[in-house]
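Please read the structure below before turning to the comments.
The values are calculated or read from the model by the stated rules, or taken from the named source; none is laboratory data. Remember, predicted model here, so these are calculated numbers, not experimental data. Cβ coordinates were reconstructed from backbone atoms using ideal geometry, including for glycine residues, and neighbour counts include every protein chain displayed. Areas reflect the complete protein model, heavy atoms only, side chains present, ligands, DNA and RNA absent. Shrake-Rupley method; radii C 1.70, N 1.55, O 1.52, S 1.80 Å.
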Amino acid sequence: MSKISDYFGLQAEDFGEDFVWGVSTAAYQIEGAHDIHDKGPSIWDDFTSKKGNTYQNHHGNDACEFYHKFQEDILLMRKMNIDHFRFSLSWSRILPNGTGTVSIQGIQFYNDVINFCLECGITPWVTLYHWDLPLALEEKGGWTNRDILDWFQEYVTICANSFGDRVKNWMVLNEPMVFTGAGYFLGVHAPGKKGLKNFLPSVHYAVLCQAAGGRILRKLVANANIGTTFSCSQIAPYRKNRRDQRAAERADALLNRLFIEPSLGMGYPWDTVPVLKRIQSYILPGDTENSVFDFDFVGIQNYTREKVKHSYFVPYIRAKIVKASKRKVRTTLMDWEVYPPSIFKMIKRFNGYEGVKKVIITENGAAFADEIYKGGVHDEERLSYLQAYLKQVYKAQEEGLKVDGYFVWTFTDNFEWAEGYYPRFGLVYIDFKNQERIIKSSGKWFSEFLASLKIHL
């Protein structure tokens with residue numbers, strides 16, 4: 001393979017010797033083994049079992065078989081010079097009923113993954129909650145039930161005590177705006193609930209859990225590096241008029257501000273989105289203070305920008321996203337605009353919060369129509385995407401903004417939630433018929449890019 005990095009103009013060491021480079025994954029998307037040993041069902045096991053919820057009724061029962069192939073995948077990471085691996089823990093693999101009896105085999109599996117990472121010189125970064133709530137808890141109301149504060153704290157305590165001697169890098173929640181918005185307002189993700197009556201309590205209780213999880217980790221894990229992750233997109237008005245500008249401000253408050261600001265003690269942005277004032281009915285004395293936690297870092301997950309126009313027909317926010325495919329711009333398979341400056345804008349935006357000490361890009365990547373050709377996968381579009389976005393990360397550093405790491409979404413192709421196996425985001429191609437792994441051109445480039453770090457050690 002030609003040295004594509006020669007044409008990129010940057011090397012990994014240009015970002016600084018302390019800059020963290022890694023890949024991100026999530027339990028339900030890769031593990032498979034959905035009912036092995038004593039694992040309990042999650043809301044995604046239940047959601048995917050019902051026809052019509054996912055693309056061609058795809059499910060994660062087998063996914064990438066990471067449960068059985070984790071050693072193979074971690075060795076592949078080592079071969080690709082990837083030194084940091086972000087993965088999530090399946091709550092229902094550790095606590096089959098969400099609370100109560102702990103699965104010894106579940107704990108052992110994650111011990112095996114963590115220990116093998118460390119044997120291979122790979123640093124584990126653990127996400128506590130990446131959307132797969134135990135079904136037993138959902139049957140009690142899930143994120144709409146205030147009892148989730150107790151359930152979550154029990155779960156975090158078990159994880160901290162079980163793994164905290166070896167895992168020092170933790171993320172509490174993954175993209176709470178997505179799992180509350182898509183799962184409890186729009187109903188397009190598990191558990192498929194809809195409406196404000198589900199969305200608003202789930203938002204507030206997720207905010208409280210986010211901070212509570214951080215406090216438990218701080219107490220129980222020595223030398224912990226504690227963060228949480230937020231989805232974020234640059235929001236721009238579709239037209240240069242006041243109505244679209246106001247619509248963009250409301251969409252921005254909902255998509256980018258709703259979870260970070262209460263964690264910093266700024267409260268919910270209900271001055272911009274008045275319907276959020278209804279959250280007040282769920283706020284008890286002490287909640288505002290208990291929503292705050294001093295995170296060591298904030299993970300931001302950016303893929304695109306959105307353009308928004310005013311719409312009378314969209315309740316509550318009177319704003320509608322104009323699809324990228326309607327705007328004659330370059331898009332990914334997800335119909336997301338390829339717009340590299342968005343990641344710079346979001347780094348700058350989160351740097352603007354006084355309470356944010358460090359920013360790490362915990363997800364960035366793209367899905368394209370990858371195919372095997374002559375034994376390889378030549379994903380030049382993804383390679384171009386990653387390079388263009390990384391140039392913007394470097395620009396942010398050059399302008400003095402705090403950005404201390406970059407994790408590619410994702411390591412291998414996987415189960416992409418409601419989109420099933422159709423979109424492929426991986427640096428490594430998976431043939432889901434036989435579970436063969438093939439490093440794509442983008443993966444080869446990333447490996448070569450990271451190799452320069454080892455040369456200069």
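Here's a check for you: in segment 23-52, which residue that is charged (D, E, K, R) and touching a helix residue (DSSP H, G or I) at 6+ places or on another chain (Cβ under 6 Å) is farthest from L95 (Cα to Cα)? Can you show your working first?
Pass one, segment 23-52, residues charged (D, E, K, R): 31, 35, 38-39, 45-46, 50-51.
Going one step further and asking which of them are touching a helix residue (DSSP H, G or I) at 6+ places or on another chain (Cβ under 6 Å), we end up with 31, 39, 46, 51.
On the way: E31: 16, K39: 8, D46: 17, K51: 27 Å.
Among residues in segment 23-52 that are charged (D, E, K, R) and touching a helix residue (DSSP H, G or I) at 6+ places or on another chain (Cβ under 6 Å), the one farthest from L95 (Cα to Cα) is K51.
Take the conditions in a helix (DSSP H, G or I) and either of a type in the set (S, T, N, Q) or in contact (Cβ under 8 Å) with a residue 24 or more places away in the chain (or both) and apply them to K402. Does it pass? Give the steps one after another, and end with the answer.
Numbers: in a helix (DSSP H, G or I): no; either of a type in the set (S, T, N, Q) or in contact (Cβ under 8 Å) with a residue 24 or more places away in the chain (or both): yes.
In short, no.
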Considering (1) under 20 Å from A222 (Cα atoms); (2) out of contact with any Ser or Thr (no Cβ under 7 Å at 6 or more places or on another chain), say which one T127 fails and leave the rest. (2)
Does segment 198-214 include one or more residues that are open to solvent by 20 Å² or more (accessible area, probe 1.4 Å) and not polar (S, T, N, Q)? no
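Right, H204: under 22 Å from the mean Cα position of the chain (by Cα) and assigned to a loop (DSSP other than H, G, I, E, B) or not?
No: the conditions fail for H204.
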Between residues in segment 208-231 that are modelled with pLDDT of 95 or more and residues that are assigned to a helix (DSSP H, G or I) and charged (D, E, K, R), which pairs lie under 8 Å by C-beta distance while being six or more apart or on different chains? L208/D287; A224/R218; I226/R218
What number of residues within segment 304-328 are open to solvent by 30 Å² or more (accessible area, probe 1.4 Å), in contact with a strand residue (DSSP E or B) (Cβ under 8 Å, 6 or more places away or on another chain) and assigned to a loop (DSSP other than H, G, I, E, B)? 4
Restricting the search to segment 89-107, which residues are assigned to a helix (DSSP H, G or I) and either surrounded by 12 or more Cβ atoms within 10 Å (Cβ to Cβ) or among the aromatic types (F, W, Y) (or both)? W91, S92, R93, I94, Q105, G106, I107
Residues located in segment 343-357, provided they are open to solvent by 30 Å² or more (accessible area, probe 1.4 Å) and in a loop (DSSP other than H, G, I, E, B): G352, E354, G355, K357
Among the residues in segment 34-48, are any open to solvent by 70 Å² or more (accessible area, probe 1.4 Å), outside any helix (DSSP H, G or I) and more than 15 Å from P134 (Cα to Cα)? yes
For segment 73-86, check the following and say yes or no: at least one residue is within 20 Å of A418 (Cα to Cα) and within 20 Å of the chain's Cα centre (by Cα). no
Index of the failed condition, W143 passing every other in (1) open to solvent by 40 Å² or more (accessible area, probe 1.4 Å); (2) farther than 20 Å from V221 by Cα; (3) part of a helix (DSSP H, G or I): (1)
Lone unmet requirement of (1) part of a loop (DSSP other than H, G, I, E, B); (2) within 16 Å of F15 (Cα to Cα) for D370: (2)
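Scan segment 360-378 and give yes if some residue there is aliphatic (A, V, I, L, M), touching a strand residue (DSSP E or B) at 6+ places or on another chain (Cβ under 9 Å), in contact (Cβ under 8 Å) with a residue 12 or more places away in the chain and surrounded by fewer than 20 Cβ atoms within 10 Å (Cβ to Cβ), otherwise no. Full working, then the answer.
Let us first name the residues in segment 360-378 that are aliphatic (A, V, I, L, M), namely 360-361, 366-367, 369, 372, 377.
From the residues that got through so far, the ones that are touching a strand residue (DSSP E or B) at 6+ places or on another chain (Cβ under 9 Å) too are 360-361, 366-367, 369, 372, 377.
After this cut, where a residue has to be in contact (Cβ under 8 Å) with a residue 12 or more places away in the chain as well, the list is 360-361, 366-367, 369, 372, 377.
Add one more test, that the residue is surrounded by fewer than 20 Cβ atoms within 10 Å (Cβ to Cβ), and what stays is 369, 372.
Looking for residues that are aliphatic (A, V, I, L, M), touching a strand residue (DSSP E or B) at 6+ places or on another chain (Cβ under 9 Å), in contact (Cβ under 8 Å) with a residue 12 or more places away in the chain and surrounded by fewer than 20 Cβ atoms within 10 Å (Cβ to Cβ), one finds at least one in segment 360-378, hence yes.
Among residues belonging to segment 428-457 that are closer than 22 Å to K391 by Cβ and among the aliphatic types (A, V, I, L, M), point out the one that is farthest from the chain's Cα centre (by Cα). Quick ask: steps written out before the conclusion?
Applying the first criterion (closer than 22 Å to K391 by Cβ) to segment 428-457 yields 440-453, 455-456.
Next cut, among the aliphatic types (A, V, I, L, M) only: 450-451, 453, 455.
Working: L450: 22, A451: 26, L453: 26, I455: 31 Å.
For segment 428-457, the residue satisfying everything is I455.
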Any idea which of (1) surrounded by 23 or more Cβ atoms within 10 Å (Cβ to Cβ); (2) part of a helix (DSSP H, G or I); (3) touching a helix residue (DSSP H, G or I) at 6+ places or on another chain (Cβ under 6 Å) is the one F446 doesn't satisfy? (3)
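Report yes if some residue within segment 114-122 is in a helix (DSSP H, G or I), open to solvent by 40 Å² or more (accessible area, probe 1.4 Å), aliphatic (A, V, I, L, M) and more than 26 Å from I439 (Cα to Cα); otherwise report no. Lay out the reasoning, then the answer.
Of all residues in segment 114-122, those in a helix (DSSP H, G or I) come to 114-119.
Cutting the leftovers down to open to solvent by 40 Å² or more (accessible area, probe 1.4 Å) gives us 115, 118-119.
Among the residues that remain, those that are also aliphatic (A, V, I, L, M) are: 118.
Filter once more, keeping what is more than 26 Å from I439 (Cα to Cα): none.
No, that holds for no residue.
Quick one: in segment 402-443, which of the residues that are of a type in the set (D, E) and crowded, with 21+ Cβ neighbours inside 10 Å is nearest to H59 (Cα to Cα)?
Start the filter on segment 402-443 by keeping residues that are of a type in the set (D, E), which leaves 404, 413, 416, 419, 431, 436.
Going one step further and asking which of them are crowded, with 21+ Cβ neighbours inside 10 Å, we end up with 413, 416.
Numbers: D413: 14, E416: 9 Å.
Residue satisfying both the conditions and the ranking: E416.
Within segment 329-342, work out how many residues are among the charged types (D, E, K, R) and either open to solvent by less than 30 Å² (accessible area, probe 1.4 Å) or touching a residue at least 60 places away in the same chain (Cβ under 8 Å) (or both). Give the steps one after another, and end with the answer.
Here is the first cut: in segment 329-342, the residues among the charged types (D, E, K, R) are 330, 335, 337.
So of that shortlist, the ones also either open to solvent by less than 30 Å² (accessible area, probe 1.4 Å) or touching a residue at least 60 places away in the same chain (Cβ under 8 Å) (or both) come out as 337.
Of the residues in segment 329-342, 1 are among the charged types (D, E, K, R) and either open to solvent by less than 30 Å² (accessible area, probe 1.4 Å) or touching a residue at least 60 places away in the same chain (Cβ under 8 Å) (or both).
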If I filter segment 242-255 for residues that are farther than 21 Å from Y205 by Cα, open to solvent by less than 20 Å² (accessible area, probe 1.4 Å) and either in contact with a Pro (Cβ under 6 Å, 6 or more places away or on another chain) or at pLDDT below 95 (or both), do I get at least one hit? yes
T272 vs (1) closer than 18 Å to Y205 by Cα; (2) in a loop (DSSP other than H, G, I, E, B); (3) β-branched (V, I, T): all pass except (1)
